[in-house]
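S.K.: Please find one structure pasted underneath; my questions will follow.
The values are calculated or read from the model by the stated rules, or taken from the named source; none is laboratory data. Given the structure is predicted, the values throughout are model-derived calculations rather than measurements. So basically every Cβ, Gly included, is an ideal-geometry build from the backbone, and we count neighbours across all protein chains shown. Side chains are part of the model used for accessible areas, which takes the heavy atoms of the whole protein and leaves out ligands, DNA and RNA. Shrake-Rupley method; radii C 1.70, N 1.55, O 1.52, S 1.80 Å.
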Amino acid sequence: MARPRQFDEDRVIGAAMDTFWRQGYEATSTRDLCDSTGLGPSSLYNTFGGKRQLYLRALERYHATATARQLEILAAPGTAEQRLRALMLDAVDTDLGAREEDPHGCFAVNAAVESAALDGDVKKVVRRTFDLVEDAIRAVVAEGQEAGEIRTDSDARTLARQVQSSYYGLRVLGRVQGRAALRGAVRGALVGLRSQGAAPAP
């Protein structure tokens, strides 16, 4: 009879996610994963199948947690500009955190840059994350257009992709720029969305 697992699988995936997030896929060794999860190599491979499989599980965890937070912010009360600003500022604060000297950005963006072009499974998870966020941004933009807050010379989907590009650009810049520069970029992105004559959101 198989021996029952003596560890919390959710905790292990969370620890692995943090390690991959900080170091990237290629730079993370099996020893790094063993150190962060507290598992031996045999337990790690018997349970998850290997480094790549654990990386995919970590990405799925990030998709479930980080994306839910982004959607929650976009669904909160407020004007369209207030919600889009909250999304971007949350990214700035989350990515920089308390240790501005060691930001590690967005795990999904990091995976897109490092692995998505070479691994179809990674690309699927990252694309699913990006698509969900894009759809939520599009809905907010459309509301803003109907309310006269956001310009209508482009359709909501096009503007949503513009916002999303700015949003993920912030998450890359957060690895090298400070808080003041990133907040300035947020202001610039939002000004570019306003309809003519619309007042800035409080």
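S.K.: Please turn the phi angles of segment 14-27 into ³J(HN,Hα) values with the Karplus equation 6.51 cos²θ - 1.76 cosθ + 1.60 (θ = phi - 60°), one per residue in order, whole Hz, x for glycine and proline.
M.R.: Running phi through 6.51 cos²θ - 1.76 cosθ + 1.60 with θ = phi - 60° gives x, 5, 5, 4, 4, 5, 4, 4, 6, 9, x, 5, 5, 7 Hz.
S.K.: Given +1 on the Cβ of Lys and Arg, -1 on the Cβ of Asp and Glu, and no further charges, what dipole in debye does the chain carry about its Cα centre, rounded to the nearest 20?
M.R.: Working: 27 positive and 27 negative charges, 44 e Å.
In debye, rounded to 20, the chain gives about 220.
S.K.: Now, a different point. Using a Förster radius of 22 Å, what is the FRET efficiency between residue 154 and residue 90 based on their Cβ-Cβ separation? Nearest 0.05, please. Before the final figure, lay out each step's value.
M.R.: Numbers: r = 25 Å, r/R0 = 1.13.
The value I calculate is 0.30.
S.K.: Then there is this: Applying a 10 Å radius around every beta-carbon, put 33-39, 184-190 in order of their mean neighbour count, most first. Please list the in-between numbers first.
M.R.: Values: 33-39: 17.9, 184-190: 15.4.
Output ranking for 33-39, 184-190: 33-39, 184-190.
S.K.: Another question, if that's okay. Please list, in chain and number order, the residues 5+ apart from residue 194 or on another chain whose amide H is under 5 Å from its amide H, with Hs placed from the backbone.
M.R.: 151
S.K.: Can you work out the accessible area per residue across the chain, with the rest of the protein chains kept in place, probe 1.4 Å, in square angstrom? Could the numbers behind the result be given before it?
M.R.: On the way: 10500 Å² over 202 residues.
Roughly 52 Å² per residue, with all protein chains present.
S.K.: Top to bottom by accessible area (1.4 Å), largest first, where do 130, 107 land?
M.R.: Numbers: 130 50, 107 5 Å².
Descending accessible area places them as 130, 107.
S.K.: Convex hull over the Cα atoms of the chain, averaged projected area in nm²?
M.R.: The Cα convex hull of the chain, projected and averaged over all directions, gives 13.2 nm².
S.K.: Mind listing which GluC sites (Glu not before Pro) in segment 1-70 are in a DSSP loop and have 13 or fewer other Cβ atoms within 10 Å?
M.R.: Those satisfying the criteria are 26.
S.K.: Further question: Given the options 28, 49, 68, identify the residue whose Cα lies farthest towards the positive end of the charge dipole of segment 1-71 (+1 on Cβ of Lys, Arg; -1 on Cβ of Asp, Glu).
M.R.: 49
S.K.: Given only helices, namely DSSP H runs of n ≥ 4 each adding -39500 (n - 2.57), what is the per-residue ellipticity at 222 nm of the chain, to the nearest 500 deg cm²/dmol?
M.R.: Using -39500 (n - 2.57) per qualifying helix, the result is -22000 deg cm²/dmol.
S.K.: Out of 164, 177, 147, whose Cα points farthest toward the positive end of the dipole of segment 120-202 (charges: +1 Lys, Arg; -1 Asp, Glu; placed on Cβ)?
M.R.: It is 177.
S.K.: Of all accessible surface on segment 101-167 at a 1.4 Å probe, what whole percent is carbon and sulfur?
M.R.: C and S fraction of accessible area: 49 percent.
S.K.: Could the peptides 41-48, 121-128 be put in order, highest first, of the mean number of other beta-carbon atoms found within 10 Å of their residues?
M.R.: For the peptides 41-48, 121-128, the packing ranking is 121-128, 41-48.
S.K.: If you don't mind, there's one more thing I want to ask. I'd like the distance separating the alpha-carbon centroids of segment 137-188 and segment 52-127, in whole Å.
M.R.: The two parts, judged by their Cα centres, are 15 Å apart.
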